[in-house]
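Asker: Here you go, one structure.
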2 protein chains.
Amino acid sequence: MPITPVRSPKLYLLIVEQLKQLIQRGEYRPGDRLPTERELAQLFQVSRAPVREALVALELLDIVEGRVGGGWFVRRAPDASLDVAAVQGRPPSDILHARVLVECAVVEQVARQCDEDDLDALRRAVEAFEAEVERGEYHGDADRLFHLTLARASGNTVFADLVGYLWDLQNGQFFQRVEGMSGTARPRMERYAAEHRAMFEAVATRDASRAREAMRRHLEGVYQDLLDS
Amino acid sequence: MPITPVRSPKLYLLIVEQLKQLIQRGEYRPGDRLPTERELAQLFQVSRAPVREALVALELLDIVEGRVGGGWFVRRAPDASLDVAAVQGRPPSDILHARVLVECAVVEQVARQCDEDDLDALRRAVEAFEAEVERGEYHGDADRLFHLTLARASGNTVFADLVGYLWDLQNGQFFQRVEGMSGTARPRMERYAAEHRAMFEAVATRDASRAREAMRRHLEGVYQDLLDS
DNA sequence: GCGGAGAATTGGTCTGACAATAAGATCAGC
DNA sequence: GCTGATCTTATTGTCAGACCAATTCTCCGC
């Protein structure tokens, strides 16, 4: 179980972050020239070394480009990113509502249009979760996999992004650590497994409205469990 | 026949290339510790600086990980598609569907429950966009602000995250830069301004279903414009 | 105005140094 | 012999200053 990684704030990572934001917000646009390394070092109140390391790293991402004797130029805006680490915790109810909105739509769409391959993948995800519960362990991977597989089956890559983000947001915030599945945890997991299977069955029988309802109840149940604990 | 640009081989790029190959060929596997920076510098016959720049760049790609006082560790093998995947965005239609799902729900909820302060903020966002169009400039900030203000007015912080992400995803991918608003751009922007105002009016009069429809038409219109250009 | 030579600027690299952290080694105590 | 704390060493992260090569700017002659 991954304990929250305590990261020491390295300067070059902070500089990378700031530069990315500056470019994404249009402060510097593609084609623009950045301040010189020495100027950036002064602005960030550091030496040239971490500034260069940040710039070189961004160059490998094709975001900036360094020309000897010329300067650093912006090539493209950094990709939009949903970074859980950058978010300092959202109200659980906000997460719930977002998950209900997105995942209900997802499961409804999957029920309407998924093919046999999707169903196979879903079945495997359900069984992996059941096996985990059976063995008495839970580290979330199989749970996340089910929701992500569902999102992928929708055929919409953006939905997959959102579902993964929301899962991390919800579960990273709360049970960072579920050790051994003590006491009340086990019945919960068994219920979750059953709910996953129910959703799968609804999808397999192409019952969109039943699938949607199953998802809504599942998410609300998980939310309640989180609040209780 | 395009002349191949003779690029001056920067040392850190050569080192990045060699390290990537070493890891890809299994010389160093995930979990392994790389030689120390000083050892690598000796091996490559260079100083520490370019070695560090290469390592830091690989760290941003999640290929290696540097621990203070510990050393550099391999996290995963660099897969060739990573760079491409980082660059290529999401299918525009996927983004559209996600935006319709989320933002229609947002605007509907705002129409139902927003207060006077929210309406003020929305009005200011609408007027800022109109002023931008009036001045003949468009750099997206005011557009983004409107959608984000709407999301914030919903009271759900996660919705704000999602809306911001989806906006960046859609607009970062296409018009990275709209300079001067040439030809067909201006009428478009005027239409967008009008649509924003229409949404605002619908919200202000608490007409949830009209607001939702206005949002859906707006997003689909934007999508069509993007495809046309 | 134009072209070209020289000066100033700027990225790329090197060297050496120091602090902070992590990991290994040592040692006292039982 | 084992445990736990302490000390030592190793390593990264950062700083400062310097030099080189490529680029860009400037200014001068024409």
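The values are calculated or read from the model by the stated rules, or taken from the named source; none is laboratory data. Keep in mind the model is a prediction, meaning the values are calculated, not measured. Backbone-built Cβ (ideal geometry, glycine too); neighbour counts: all protein chains shown. Just so you know, the surface numbers come from the protein's heavy atoms only, side chains and all, with ligands and any DNA or RNA stripped out. Shrake-Rupley method; radii C 1.70, N 1.55, O 1.52, S 1.80 Å.
Asker: Could you please find all residues in the range B:185-229 being of a type in the set (Ser, Thr, Tyr), farther than 17 Å from B:His97 by Cβ and open to solvent by less than 70 Å² (accessible area, probe 1.4 Å)?
Answerer: Answer for the range B:185-229, where residues must be of a type in the set (Ser, Thr, Tyr), farther than 17 Å from B:His97 by Cβ and open to solvent by less than 70 Å² (accessible area, probe 1.4 Å): just B:Tyr192.
Asker: Right, next: Just to confirm my filter: which helices (runs of 4 or more DSSP H) fall fully inside the range B:1-88 and include at least 1 residues that are at pLDDT 90 or above and within 13 Å of DNA strand C (Cβ to nearest atom)? Talk me through it step by step, then tell me what you get.
Answerer: Values: elements: B:11-24, B:37-44, B:48-60, B:81-87.
Because the criterion is at least 1 residues that are at pLDDT 90 or above and within 13 Å of DNA strand C (Cβ to nearest atom), the helices (runs of 4 or more DSSP H) in the range B:1-88 that meet it are B:11-24, B:37-44, B:48-60.
Asker: With the structure loaded, tell me whether A:Pro78 is within 20 Å of B:Tyr165 (Cβ to Cβ) and at the interface with chain B (Cβ under 9 Å from one of its Cβ atoms) or whether it fails that test. Outline the logic, then answer.
Answerer: Values: within 20 Å of B:Tyr165 (Cβ to Cβ): yes; at the interface with chain B (Cβ under 9 Å from one of its Cβ atoms): yes.
For A:Pro78, the condition - within 20 Å of B:Tyr165 (Cβ to Cβ) and at the interface with chain B (Cβ under 9 Å from one of its Cβ atoms) - is met.
Asker: List the residue pairs whose Cβ atoms are under 6 Å apart, where the first residue sits in the range A:128-143 and is without any contact (Cβ under 8 Å) to a residue 24 or more places away in the chain and closer than 18 Å to A:Val222 by Cα, the second is open to solvent by 20 Å² or more (accessible area, probe 1.4 Å) and of a type outside the set (Val, Ile, Thr), and the two are 6 or more positions apart or on different chains.
Answerer: From the range A:128-143, the pairs are A:Ala142/A:Ala128.
Asker: Okay, moving on. Return the residues of the range B:193-229 that are of a type in the set (S, T, N, Q) and at pLDDT below 95; say none if nothing qualifies.
Answerer: Scanning the range B:193-229 gives B:Gln224, B:Ser229.
Asker: Looking at the range B:193-222, I want the residues that are in the same structural domain as B:Leu122 (by TED's automatic domain parsing) and have a partner that is open to solvent by 40 Å² or more (accessible area, probe 1.4 Å) with Cβ atoms under 6 Å, at least 6 apart or on another chain. Which pairs are those?
Answerer: Pairs that qualify, where the first residue is in the same structural domain as B:Leu122 (by TED's automatic domain parsing) and the partner is open to solvent by 40 Å² or more (accessible area, probe 1.4 Å), are B:Ala193/B:Glu130; B:Ala202/B:Arg210; B:Ala208/B:Arg112; B:Ala214/B:Ala198; B:His218/B:Glu195.
Asker: Which numbered condition trips up A:Ala131, out of (1) surrounded by 17 or more Cβ atoms within 10 Å (Cβ to Cβ); (2) small (Gly, Ala, Ser); (3) away from chain B (no Cβ under 14 Å)?
Answerer: Result: A:Ala131 fails condition (1) only.
Asker: Another one. Which of the residues belonging to the range B:87-124 are open to solvent by 20 Å² or more (accessible area, probe 1.4 Å), hydrophobic (A, V, I, L, M, F, W, C) and more than 14 Å from chain A (Cβ to nearest Cβ)?
Answerer: Residue satisfying the conditions is B:Ala121 alone.
Asker: Same structure, new question: On the basis of being more than 19 Å from A:Asp228 (Cβ to Cβ), in a helix (DSSP H, G or I) and at pLDDT 85 or above, does A:Gly164 make the cut?
Answerer: Values: more than 19 Å from A:Asp228 (Cβ to Cβ): yes; in a helix (DSSP H, G or I): yes; at pLDDT 85 or above: yes.
Criteria met by A:Gly164.
Asker: May I ask you to list the residues in the range A:27-44 that are more than 14 Å from chain B (Cβ to nearest Cβ) and under 12 Å from A:Gly71 (Cβ atoms)?
Answerer: The answer is A:Arg33, A:Leu34, A:Pro35, A:Thr36, A:Arg38, A:Glu39, A:Leu40.
Asker: Out of all the residues in the range A:56-76, which are open to solvent by 50 Å² or more (accessible area, probe 1.4 Å) and near DNA strand D (Cβ under 9 Å from one of its atoms)?
Answerer: Within the range A:56-76, A:Arg67, A:Val68, A:Gly69 meet the criteria.
Asker: Starting from residues that are surrounded by 15 or more Cβ atoms within 10 Å (Cβ to Cβ) and closer than 17 Å to A:Tyr28 by Cα, keep the ones in the range A:42-55 and report whichever is farthest from DNA strand D (Cβ to nearest atom).
Answerer: A:Leu55
Asker: Determine whether B:Val102 is at pLDDT 95 or above, assigned by TED's automatic domain parsing to the domain that holds B:Ala153 and over 20 Å from the mean Cα position of the chain (by Cα).
Answerer: no
Asker: Quickly run through the range B:52-69 and pick out the residues that are free of Cβ contacts under 8 Å to residues at least 40 places away in the same chain and away from chain A (no Cβ under 11 Å). Working first, answer last.
Answerer: In the first step, residues of the range B:52-69 are kept if they are free of Cβ contacts under 8 Å to residues at least 40 places away in the same chain; the result is B:52, B:55-56, B:59-62, B:65-69.
Passing the criteria: only B:Asp62.
Asker: Looking at (1) part of a helix (DSSP H, G or I); (2) surrounded by fewer than 18 Cβ atoms within 10 Å (Cβ to Cβ), which is the one condition that is false for B:Gly136?
Answerer: (1)
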